[in-house]
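This report concerns only the one structure given below.
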Ligand code: ARG
C-alpha cells in the first residue's frame, strides 16, 4: 500500500516538476518531504501547484475527450479545506456561476478534500445540472438517464415536478452521514431554448438544454492520491446534445417527431429520415447556442482542434493516447481525421476515473 503510494507519488512528482522546469534539487527536496509525510501519516498533501498541474494533466490524459487542446487552460479551484456539506454546496454554486460566466464558458474544476481512511466527500449527482427523469404509467417523462437518481432525490425529500426539464437538486454527502439536498438557485441556471434557423415549427417541440456540462461523479487521481469529489466542466460539442441527448432512443428520442414535422417518410429507411432529422436537430442546437452567446463547438472544429492537440503533444515528445470509439463524433465521423487512424487506449495518470454510485 504505502510502497504503491510512494511509487505513484514519485512518478507524478518527477513528471510534473520536469514539465514545470523545476530543478533536480527541488525534485529531490520534495521527494524527501513527501516520503516522510507518507511514512508518518500514510498519505501526503499536494501543493497548490501540484494540484493545479495534476488536474490539467488528468484532462490531457482523458482518452475519451476530443476537447483536450485546452488542457492547460483549466481553471482549478482549490476547496480542499471545506469541512461541511453546506460549505461544499456553496462552493458548487460558485463553480456553476464561475464556469457559466454568462455564457462565455470557462473550463473549471473544483477540488474538495482527498479521500482518507476517515474522510470521504461524495457528490451524488452525475452532473451538477441535469434534468430529472420519471417513470410514469404513460411512459417516461424528462431524461431517462436520470431515472434512478431522480427516485433517490424523491426518497431524500425532493419534490418532483413531472416536467421534461426539471433541474435536479445537488446531493452532497460526507462520510456515511445523511446526504444534504439543495436546490440550485434559479439565477445560476443558464439554459438555451432550442430553435431552428429556418423551421418555425421547431419551437413547438419545446426543447431546451442547459449551458454547461459539469461532470461531478468521477474520481480525480493524482500521484496516488484520490479526490472523490472534483466536479469539472468544459463546454459542449453540439453532437452531445443533438445527436445523443435528444436523439438516442433511450434518451429524449426526438427523431421520429422531427422527421414527421419535416414531412419525411419515417416508415422508410431509404428515405434517410433519421439522418435528415439528425442534421436539422444538430443545426438547431448549434444555431441556438451561438445566437444566445453560449460557448459550444461543432464536431468539425472540435476535430481540427484535436488534431492540433495531437501535433502539440508530439512536439512536446509525449505519446498521445485516445479511445477511438469515443473520440469519433456520432455525426459524420468519417468526415473527421480521427476516423481514419488508430489511437492507443493505454491509461496514463493523473486521470479521471469512474467510481460506483453511492445510491
Ligand atoms: N456527454 C455529456 C452530456 O451530454 C457531457 C460530457 C462532457 N462533455 C463536455 N463537452 N465536456 O451531458
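Every read-out reported here was derived from the displayed coordinates using simple, explicitly stated rules and does not represent laboratory data. On a predicted model such as this, the values are computed, not experimentally measured, just so you know. Don't worry about glycine lacking a Cβ; one is built from the backbone with ideal geometry, like all the others, and counts go over all protein chains shown.
Here are the numbers for the structure shown:
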item	result
Computed FRET value (nearest 0.05) for residue 203 with residue 148, which takes r as the C-beta separation and R₀ as 30 Å	0.40
Whole-Å semi-axes of the ellipsoid equivalent to segment 59-114 (Cα gyration tensor, √5λ, descending)	23, 15, 8
Gain upon complete extension [residue 98, residue 117; 0.36 nm per residue less C-alpha separation]	3.7 nm
Separation of alpha-carbon centers, segment 63-84 and segment 1-55, rounded to whole Å	19 Å
Approximate spin-label separation residue 11-residue 305, in nm, with each point projected 7 Å along Cα-to-Cβ	3.0 nm
Cα-based helix-to-principal-axis angle, 273-291 vs the chain, degrees rounded to 10	60 degrees
Cα principal axis extents for segment 278-359, largest first, Å	41, 38, 23
Tilt relative to the chain, helix 48-60 - C-alpha long axis, 0 to 90 degrees, to 10	40 degrees
FRET E, pair residue 1, residue 265, Förster distance 56 Å, beta-carbon r, rounded to 0.05	0.35
Rounded to 10°, Cα long-axis angle of helix 85-100 versus longest principal axis of the chain	60 degrees
More than 22 angstrom apart: percent of Cα pairs within segment 1-160	59 percent
The chain: relative contact order as a whole-number percent, Cα under 8 Å and 6+ apart	21 percent
Pairwise Cα inverse-distance average, inverted: Kirkwood Rh of segment 107-179 (Å)	13.6 Å
Segment 110-232: C-alpha gyration tensor shape, a/c 1.5 cut-off, then a/b vs b/c	prolate
Principal axis box of the chain, alpha-carbon based, largest edge first, Å	71, 50, 33
Inter-part distance where segment 173-241 and segment 248-317 are each reduced to a Cα centre, Å	19 Å
Virtual spin-label span in nm between residue 26 and residue 340, 7 Å along Cα→Cβ	4.2 nm
Viscosity 1.002 mPa s, 20 °C: Kirkwood-radius Stokes-Einstein D of segment 233-331 over Cα pairs, µm²/s	141 µm²/s
Antiparallel bridges, percent of DSSP beta bridges restricted to segment 41-151 (to nearest 5)	55 percent
CD proxy at 222 nm, helix term only [per DSSP H run n ≥ 4: -39500 (n - 2.57); per residue of the chain; nearest 500]	-11000 deg cm²/dmol
Pairwise FRET efficiency - residue 251 versus residue 177, Cβ, R0 = 30 Å, nearest 0.05	0.35
Cα shape, segment 17-104, gyration tensor, a/c 1.5 rule	oblate
